[in-house]
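See structure below.
The values are calculated or read from the model by the stated rules, or taken from the named source; none is laboratory data. All figures in this text were calculated on a predicted structure; none of them were measured in a lab. Cβ atoms come from the backbone with ideal geometry, glycine included; neighbour counts cover every protein chain shown.
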Amino acid sequence: MPVGDYASYSDSELIEKAKHGEDVAFGELVSRYEQQVAGTVKGMLGDNAAAEDVGQETFIRFYRSLEKFRGDSALGTYITRIAINLSLNEIKKQKKVISLFYSRDNEEKEYDVPEERDLENESDTKELVDKALLALKPEFRSVVVLRMLQGYSTKKAASILNVPAGTILSRLARAQKELRKIFEPFV
Amino acid sequence: MFDLLIRSMNDQLTADEDKQLQQAFKESSELREEKIKLNKVGKLLSSRNYSFSDGFRNRVMQAVSDEKKGKVISIDFTRTFTSMFNRIAVAGVAAIVLLVISLYISHGSLNVNTFTGVDPISQDNLVSVLLYEK
């Protein structure tokens, strides 16, 4: 069957086909959720090679867990949960490596707040957003990525991060205050 | 009021809170400006579109194919090293404990001489050794 034909199938149909060994069906799922996973992992880790690896690992983990997926939550939510957990693990791993080679003082200066400049072109805006996100603590960043970049509701974000909705709201409020400070010269 | 403004952007306010905020908007141009700035920040963030580099899908499919063939896709070196180190450490501690127990059983005590394997030398013996003449 040509690849294009799979585009008409629903997620659950593609999952069933992938479970029965149809790799093209799984490939179609990758195409459908590639952008969403990129938004999650690159929002969490920055636009770099580590994020590409985590993105790839996300789909491999999803492939391994195809049999376990029962469809209780939307597929996008399920994949995003894998992506965010792997991203948080990657951040922990990176912190461990940093703490092995640098003192605590250096660790705290890990991320720079962007320098003041005019946001005339798109790449400047992208760079600014990336730096601003990385300036946030991972627990705040994950909430910002889910709520403000991916557009998940507070309830969905809470279920993905496995924390109460109140925690999402308080983290989001703190993150917005920090972002407001970071973006002060630009807005 | 700034906290209430932020909360209004993420959560449903009560009727009282909403009334309070609307009143504050009427009275404070600073607060109105804050709302505009917060909206701009939100727009900047939501405008950021990320995508993977070219060939991402093919790389994933190759990894899936390797997975099917039973190849190891990625080895998490840190995790493997940590789990191996833990096993080696536990085995080492167990070996040391067994050694100490066997030493205690064979020598009946755990003094320095037991560990060094040197027989106790009393001062009398030492003197006799020093005074020994052929």
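For the reader, a short list of remarks on this structure follows.
- In the set (1) surrounded by fewer than 17 Cβ atoms within 10 Å (Cβ to Cβ); (2) more than 23 Å from residue A:24 (Cα to Cα); (3) modelled with pLDDT of 80 or more, residue A:65 fails one condition alone, (2).
- Criterion (hydroxyl-bearing (Ser, Thr, Tyr) and under 18 Å from residue B:63 (Cβ atoms)) met by exactly one of A:77, A:58: A:58
- Residue match in region B:11-26 (condition: modelled with pLDDT of 90 or more, under 30 Å from residue A:35 (Cβ atoms) and among the acidic types (Asp, Glu)): no
- Screening region A:127-148 for residues that are in contact (Cβ under 8 Å) with a residue 60 or more places away in the chain, facing chain B (nearest Cβ under 9 Å) and over 17 Å from residue A:85 (Cβ atoms) and picking the one that is surrounded by the fewest Cβ atoms within 10 Å (Cβ to Cβ) gives A:130.
- Residues that are surrounded by fewer than 21 Cβ atoms within 10 Å (Cβ to Cβ) and at the interface with another protein chain (Cβ under 7 Å from one of its Cβ atoms) were ranked within region A:27-54; the one that is nearest to residue A:131 (Cα to Cα) is A:47.
Table: residues versus (1) surrounded by 15 or more Cβ atoms within 10 Å (Cβ to Cβ); (2) farther than 30 Å from residue A:175 by Cα; (3) among the acidic types (Asp, Glu).
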| residue | (1), (2), (3) |
| --- | --- |
| B:5 | yes, no, no |
| B:12 | no, no, no |
| B:15 | no, no, no |
| B:43 | no, no, no |
| B:58 | no, yes, no |
| B:82 | no, yes, no |
| B:93 | no, yes, no |
